[in-house]
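Below is one structure, written out as structure tokens; comments come after it.
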Amino acid sequence: MTKINAAITSVGHYLPKNILTNKDLEKIVDTSNKWILERTGISERRIMDKRIINKTLPLNESKGSSFMGSEAAKECLERRGISAKEIDLIIFCTVTPDMMFPATACLVQNNIGADKAWGYDLSAGCSGFLYGLMAGTQFIKSGAHKKVLVIGADMMSSILNYEDRNTCILFGDGAGCVLLEPTEEEEGVLDFTCQVDGGGGEFLKMEAGGSRNPTSHKTVDEQMHYVYQDGRTVFKHAVSRMAEVSVKILEQNNLEGKDVDLFIPHQANIRIIDATAKRMGIDSSKVLINIQKYGNTTAATLPLGMYDAVNDGRLTKGSNLILTTFGTGFTWGSCYIKWNY
Ligand code: UT7
């Protein structure tokens, strides 16, 4: 039987036009451009809702993650030159769905007119896109589907407390999308390793709004609908886990740092990125960094990284690409892709 691999054949993205700079944040919380740049590497991030910068603006209905994901999907299809009607499956990776239900994938299916597609949401925080990419890959490899859209989209501004300097400076809004299709060549998504440590759940979470703490006056008064993070603990785990799993994926594929053409790590903190690349023996020139302009966009960081790398020519046919991520759960993983276009 012929072996089928899953190749990424197109990319798309969406970034809101509104820019929230470190200087803007200095006016909102007790922070400084210097602290944010030195401790995280972030200069600015995008936000859907301008009222975060200017509270006097009128309240408009938010467009949500489905809007960003749909725009990214439309661009992805346009670049490939195919209709949404050809899509079999949509995997929507997010921790900021438009609603608890229906799934955001269903809203996107309707928005883009993907008449014959089914779909579902996948929640793994910052690891969401990598997990989704691995799920989509299996549907292609098994022969079940020929065209799968994997979208990573998060509107983190909708769950941030802009009075909490520990978290509000870190995140931005955005979406990225890839199209997976079958190939008989030895290219595309070739290997992966994913892990979970549920003991980490207490260190990065949003406690209310689910079945354990349904929305009530109490949950709102106690600010339980915002992101909570114990930054130091998450930082320590992110550094060690991302490095471990990245080294493991190289070993599993008999690769060394010098064989990697591009390394796209999850963009949570420049210090985590540098430490991981160092442990892998990868030269800094081969590490994609866009945290300075987008911040941490949760499930969108990896596809936005691929989008930037395709556009600036850093990803071309035959490039050895490693993606690595770490997020709430804890969840983490890494994959090896031989880029195919
Ligand atoms: O994407 C999912 C995974 N997430 C991550 O990987 C994020 C991991 N964590 C981090 O990136 C870092 O821990 C942070 C950037 C969140 C924080 O950096 P840190 O170097 O770990 O700082 P810290 O939390 O240890 O705080 C150091 C000091 C504290 O002051 P004291 O107690 O030393 O007086 C904080 O209160 O910095 C203070 N601080 C700030 N100061 C100015 C915390 N946030 C800010 C701020 N501006 N925004």
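The values are calculated or read from the model by the stated rules, or taken from the named source; none is laboratory data. Being a predicted model, the structure only gives us computed values, none of them experimental. Here Cβ is always computed from backbone atoms with ideal geometry, including for glycine, and neighbour counts include all displayed protein chains.
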*Given the residues T215, T233, which is the only one that is among the polar types (S, T, N, Q), free of Cβ contacts under 8 Å to residues at least 60 places away in the same chain and assigned to a helix (DSSP H, G or I)?*
T233
*For segment 1-62, please list each of the strands (runs of 3 or more DSSP E) lying entirely inside it that holds at least 1 residues being out of contact with any Gly (no Cβ under 8 Å at 6 or more places or on another chain), farther than 27 Å from R271 by Cα and modelled with pLDDT of 95 or more.*
5-14
*Within segment 170-179, is even one residue surrounded by fewer than 20 Cβ atoms within 10 Å (Cβ to Cβ) and at pLDDT 95 or above?*
no
_Residue within segment 275-285 that is buried (at least 23 other Cβ atoms within 10 Å of the Cβ) and within 16 Å of the chain's Cα centre (by Cα) present_ = no
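Answer yes or no: is there a residue in segment 41-61 that is touching a residue at least 40 places away in the same chain (Cβ under 8 Å) and of a type in the set (G, A, S).
Yes, segment 41-61 contains a residue that is touching a residue at least 40 places away in the same chain (Cβ under 8 Å) and of a type in the set (G, A, S).
In segment 300-337, what residues are away from the ligand (no atom under 16 Å from the Cβ) and buried (at least 21 other Cβ atoms within 10 Å of the Cβ)?
Across segment 300-337, the qualifying residues are M306, Y307, A309, L315, L321, I322, C335, I337.
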_Against the conditions (1) modelled with pLDDT under 95; (2) farther than 23 Å from K17 by Cβ, where does N110 fall short? Just the number, please._
(1)
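Mind counting the residues in segment 240-269 that are of a type in the set (A, V, I, L, M), within 16 Å of the ligand (Cβ to nearest atom) and in contact with a Phe, Trp or Tyr (Cβ under 9 Å, 6 or more places away or on another chain)? I'd like the intermediate steps shown before the answer.
Quick first cut of segment 240-269, residues of a type in the set (A, V, I, L, M) only: 242-243, 245, 247, 249-250, 255, 260, 262, 264, 268.
Still in the list and also within 16 Å of the ligand (Cβ to nearest atom): 242-243, 245, 264, 268.
The next check asks that each one be in contact with a Phe, Trp or Tyr (Cβ under 9 Å, 6 or more places away or on another chain); those that pass are 242, 245, 268.
Result for segment 240-269: 3.
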*Please enumerate the residues belonging to segment 247-299 that are under 21 Å from I151 (Cα atoms) and without any contact (Cβ under 8 Å) to a residue 40 or more places away in the chain.*
Q267, L288, N290
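Quick test for you: out of T96, T21, T104, pick the one residue that is in contact with a strand residue (DSSP E or B) (Cβ under 7 Å, 6 or more places away or on another chain), under 23 Å from L149 (Cα atoms) and within 16 Å of the ligand (Cβ to nearest atom).
T96
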*Among the residues of segment 46-62, is there at least one that is surrounded by fewer than 17 Cβ atoms within 10 Å (Cβ to Cβ), touching a strand residue (DSSP E or B) at 6+ places or on another chain (Cβ under 7 Å), farther than 18 Å from N296 by Cα and hydrophobic (A, V, I, L, M, F, W, C)?*
no
